[in-house]
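See below for the structure under consideration.
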Amino acid sequence: MPSLPYREARHFLFAMDYTSKRWKHLRARVLREQPLCQEALRYGRREPATVAHHVYPVEDFPGWRFCRWNLIAVSADAHNIFHDRATGKLTERGLAWQRRVSPPRNAPPPF
């Protein structure tokens, strides 16, 4: 069997279980605390948030998958703008959120 490229192999090792009870509770908390899309608010718009977005992606920073500080509430449209669906990488707008959200000093290791 041929080996997987590094990014794909990491995805299988650190895949996020979006059906887990822990994730569903954390997602609900994020959307309760931030009911409006944080990206839309930057531009003065009030849109409901429907997605809890990992500022630092789980595939690259699995140790931060359940950290509240690593999640922002956004609309589905904003979430799609943050990701290049063809490559799986963050777009410039997604990277801009990484420049705004820094891991706290007591954050667990990212890996």
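Quick look at the values:
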{"item": "Charged-residue dipole, Cβ positions (Lys, Arg, Asp, Glu), the chain about Cα centre, Debye nearest 20", "result": "400"}
{"item": "Where a label projected 7 Å from the Cα of Asp17 along Cα→Cβ would reach, residues of segment 63-85 with amide N under 17 Å", "result": "63-67"}
{"item": "Residues with amide H under 5 Å from that of Val55, placed H, sequence gap 5 or more", "result": "Leu71, Ile72"}
{"item": "Inter-label distance, nm, simple model (7 Å from Cα along the C-beta direction), Tyr43/Ala28", "result": "3.2"}
{"item": "The chain: angle of helix 21-33 to the longest principal axis, Cα-based, in degrees nearest 10", "result": "30"}
{"item": "Packing-based order for 61-73, 84-96, 43-55, using average beta carbon neighbours within 10 Å, highest first", "result": "61-73, 43-55, 84-96"}
{"item": "Normalised contact order of the chain, rounded percent, pairs of Cα under 8 Å and 6 or more residues apart", "result": "24"}
{"item": "Gain in span if fully extended, Ala96 to Asn80, counting 0.36 nm per residue against the direct Cα distance", "result": "4.3 nm"}
{"item": "Under 10 Å, Cβ to Cβ, from Ala40 - net charge with Lys/Arg +1 and Asp/Glu -1", "result": "0"}
{"item": "Cα shape, the chain, gyration tensor, a/c 1.5 rule", "result": "prolate"}
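Rule-based calculations on the coordinates, nothing more; no lab input. Only a predicted model underlies this, so the values are computations on that prediction, with no experimental measurement involved. Ideal geometry is used to build each Cβ from the backbone, glycine not excepted, and the neighbour counts take in all protein chains shown.
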